[in-house]
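Beneath this line is the structure, given in structure tokens, with notes to follow.
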Amino acid sequence: MNAYAPILVLGALGAGFAIFSVVMASLIGPKRYNRAKLEAYECGVQPTPQAPGRGRFPIKYYLTAMLFIVFDIEIVFLYPWAVSFDALGLFGLVEMLLFVLTVFVAYAYVWRRGGLEWD
């Protein structure tokens, strides 16, 4: 149980801070509501009943989301490798180099195809 005590204390501190922040914001925060504040945030564009182009979004949104997921998963795999780098030795280094090379090939492909252009 002593090994889990710091984790439990940190979890309790995080939960306490979150609850404290929400309660204090509702108690001392401004309460001047108007019509604009109660509407959904639309980036300054007037909402329409139907999205332009009969509700279809450009494929660019989905490609950007998939790219984010791919590179986010890469980072998730790099953290455990960095923590246990000494224990893995040369085998772990070669495997991670192959993994990063594979992701870099995907990154180069996306870059050449214009998937990172924000126009």
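The values are calculated or read from the model by the stated rules, or taken from the named source; none is laboratory data. Treat the numbers as computed from the prediction; the structure is a model and nothing was measured. Reconstructed Cβ throughout: ideal geometry from the backbone, glycine too, with neighbour counts over all protein chains shown.
Given the condition at pLDDT below 80 and among the acidic types (Asp, Glu), answer yes or no: does some residue in the stretch 82-89 qualify? No: the stretch 82-89 contains no residue that is at pLDDT below 80 and among the acidic types (Asp, Glu).
How many of the residues in the stretch 17-41 are of a type outside the set (Val, Ile, Thr) and part of a helix (DSSP H, G or I)?
Step one: list which residues in the stretch 17-41 are of a type outside the set (Val, Ile, Thr), which gives 17-18, 20-21, 24-27, 29-41.
Filter once more, so that each one left must be part of a helix (DSSP H, G or I): 17-18, 20-21, 24-27, 35-38.
Final tally of qualifying residues: 12.
Looking across the stretch 72-81 at every residue that is exposed (fewer than 12 other Cβ atoms within 10 Å of the Cβ) and at pLDDT below 85, the one that is farthest from the chain's Cα centre (by Cα) is identified as 80. In the condition set (1) modelled with pLDDT of 80 or more; (2) surrounded by 10 or more Cβ atoms within 10 Å (Cβ to Cβ), residue 57 is compliant with all but (1).
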